Amino acid sequence: MAKTAELQKISSQVRRDIIRMVTMAGNGHPGGSLSSTDILTALYFGVMKQDPATWTRSGKGQDMFILSAGHLAPVYYAVLGRAGYFPVSEMATLRKFGTRLQGHPSIEHGLPGITQPSGSLGQGLSAAAGLALGKKMDGEDNYVYTLCGDGETEEGQIWEAAMFAAHHGLDNLIAMTDWNHQQIDGTVEDVAGEGDLVEKWKAFGWNVLECDGHDIAAIVAILEKAKGLRNGKPVMILFHTEMGHGVDFMAGTHKWHGKAPSVEQCEEAMKQLEETLGDF
Amino acid sequence: MDCNMKKYIDTGKKDTRSGFGAGLYEAGKADSRVVALTADLKGSLKMDAFAKEFPERFVQCGIAEANMVGVAAGLAINGKIPFAGSFAEFITGRVYDQIRQEVAYGNTNVKLASSHAGITLGEDGATHQTMEDIALMRALPNLVVINPCDFNQTKAATIAAAKYEGPVYLRFGRPSVPNFTDPDEEFVIGKAYVLNEGKDVTLIACGHLVWEALQAAEALEAEGICAEVINIATIKPLDEEAIVASALKTKAVVVAEEHNSGGGLGELVAGVLARRAPTPMEMINGGDRFGQTGTPAELMAAYGLDAAHIVEAAKKAVARK
């Protein structure tokens, strides 16, 4: 597994990939992609046991991941591309007709690494719970991970899944929330007033961990801690993040939830993000 | 006039949901990948035998259908063959988007077990009586839509659904209805079953209205009209060839279903015939309205879903030739 400095290099490149992909596409979701970049980089390059060479959708004998917040497709594709699931050059096709990099993750278009479509929010946690239950039935000890947005947890199905996973003792399920406090129409607090997510997940019978979602060493450590719990309860890691993190004019606002930078803005962002692995 | 019709015998009324339960049990015995899920309706879905024999493969989801559909998709990706069951309204309309994304678009090997379909759910009234589910489900790419006609065929269709690789919507009902198909006949997905050959009019039906169509054919024979009766047990993919061949022969068609007019089997068949063999058609369905409280028999009569109405519709269709 990659060391911290290496992970930081990857996440810097992934951020460049996100901005460049969305700029080329002319639309897409950069804000949440940037807030969850360090989480997914740590997961794919530092923690998760999943090999692109032997990956299959069924995930037998491997860890599995479902992106519940499907609009984070840019970061998902960038991480998968950098991890070797498909040629990085394909990132240039994001959201273009005929691409495997559909606007939201798709099975039908056959991009390796994708386990289940997402985009309609609040559903990935249920599918991840099904995967975790299946692994339990098979006596497999691998983990199932999923990433939700904090705005996404306004969906009622999230809490159906929360009850289900706790009731069935799915301690091989590690869910993560990109807690960036932003959604399309404004801050989560203004739009929906979710309240105390820590207490809510605890009340639903989950192990709840909190972590700085931009400290990549801490992310790796908290994921390893989550794996070690195995106490009959699923795990929710609430990652404190900043929407648009890494690009000063995009950071901390909902305004970049679903908007592409101009070419000039892209160039400005590139000055702030080191090219570490070579642009696609 | 003698139409040389095959006689079908009701071997004793049985509910089609029990056919599902029996098929689920058989499928579970035959294949350890079969898993059953329900949203607090184990007894209503007749899953008790399966749950008792295979408790490790029975998943109680509580009253949370949206989550159940997602969990079923996850289990399917894992390699299981999940049957997720609830009342027809709650496993279609309530979770349409979940089915669309997790089952149909994801093309997961999930079997949606849809009980208490249609108006004959009876006394619970319109909140529980979906007459729109066929329209919703047949609109989804990748999804196979099956509506067998009696206990025996529902059992066989359940076993066939388990063997089929891909998402399936399996529709059945609550009330006891005549059981008349061969208990040993294997169910073939996508095949129309021609139960009687005739030359004057084609009666096309699905679900328990197939029995009503057979009764109507007997009544029509007495009036000198020889009716062909086709059981469309698989609504999608539709056996277009059987429908077109019959329409070209009889030149008059009636479609009967326990479903509203919008998007049901009638409109589906009309679409096929408009393209390939324009034919005078009459429709027997629930119209464009909600159900209401009543016994199944009362509701069938009130909504015109019985043999007597099929006979009248057949005469009208014949007169339009």
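Some observations on this one:
- Looking across the stretch B:29-78, the residues that are away from every other protein chain (no Cβ under 12 Å), over 22 Å from the mean Cα position of the chain (by Cα) and closer than 27 Å to A:Thr56 by Cα come down to B:Ala30, B:Asp31.
- Considering the stretch B:1-93, the qualifying strands (runs of 3 or more DSSP E), each wholly inside and each with 3 or more residues that are of a type outside the set (Phe, Trp, Tyr), run over B:34-38, B:81-87.
- Applying the criterion of being polar (S, T, N, Q) and out of contact with any Gly (no Cβ under 9 Å at 6 or more places or on another chain) to the residues of the stretch A:1-32, the residue that is surrounded by the most Cβ atoms within 10 Å (Cβ to Cβ) is A:Thr23.
- Tally of residues being part of a strand (DSSP E or B) and of a type in the set (D, E, K, R) across the stretch A:191-230: 2
Yes/no matrix, rows are residues, columns are (1) more than 13 Å from B:Leu75 (Cα to Cα); (2) polar (S, T, N, Q); (3) more than 10 Å from chain B (Cβ to nearest Cβ):
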| site | (1), (2), (3) |
| --- | --- |
| A:Thr115 | no, yes, no |
| A:Gly119 | yes, no, no |
| A:Ala128 | no, no, no |
| A:Leu131 | no, no, no |
| A:Gly134 | no, no, no |
| A:Gly139 | yes, no, yes |
| A:Asn142 | yes, yes, yes |
| A:Tyr145 | yes, no, yes |
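- Complete set of residues in the stretch A:210-263 that are of a type in the set (Val, Ile, Thr) and over 15 Å from the mean Cα position of the chain (by Cα): A:Ile222, A:Val235, A:Val247, A:Thr253, A:Val263
Where a number appears in this text, it was derived from the coordinates with a stated rule and is not lab data. Everything numeric here is computed off the predicted structure, so don't read it as measured data. No Cβ is skipped: glycine too gets one built from the backbone with ideal geometry, and neighbour counts run over all protein chains shown.
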